[in-house]
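Working notes for the structure below.
No lab work stands behind these numbers, since they all come straight from the coordinates. Since we're looking at a predicted model, the values are computed, not measured. All Cβ positions, glycine included, derive from the backbone under ideal geometry; neighbour counts span all protein chains shown.
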Amino acid sequence: MGESLTIEVKNTHGAIAPAAAKAEAWLEAYDPSPKAMYLVPLAIEELVTNCIHYGYEDKGEHTIVITLSVADQTLTMTLEDDGHEFDPLAQGTPDLTGPAEDRPIGGLGIHLLRSLADGMAYERRNGTNRLTLTKRLH
């Protein structure tokens, strides 16, 4: 059983589901809790979609690299992209008090990931965004 998995995802919507399925299949070997298992495809869907929609000026092909690893019963998931600098942790918590139809669009996916993950960290290095999520497996 490998200790890590790297998935290269093209910046297309069609690449999201196969990447999520590959990550889930790999993670199953570690017998994760339902919450840990839920986090992985949700994070891939949310973060890759954000890259596709907001990350790039051009319509060219870009590669988003997702790395999953397990050590000491903790899953670490890292997503790296060469898109615009964007620190999701700098975004405020969305106002969830009013009716949904009156709220501005955006921010809920990142908020949900922050709520589900045990930790999140962001860094920008050499023109690359790197977002890391951690989650205890049990």
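Numbers at a glance
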read-out	value
GNM top mover of Leu75, Leu89, Leu47 - the chain, alpha-carbon springs below 10 Å	Leu89
Sorted by Cβ neighbour density within 10 Å, fewest at the top, the residues Leu112, Leu79	Leu112, Leu79
For the chain, the fraction of alpha-carbon pairs in successive 10 Å shells from zero, as %	11, 43, 34, 11, 1
Lysine pair number, Cα distance threshold 20 Å (strictly under), the chain, separation 8 or more or different chains	5
Loop-resident sites, region 1-89, for trypsin sites (Lys or Arg not before Pro), counting at most 12 other Cβ within 10 Å (DSSP)	Lys59
Local electrostatic count, Asn129, Cβ distance below 13 Å [Lys/Arg +1, Asp/Glu -1]	-3
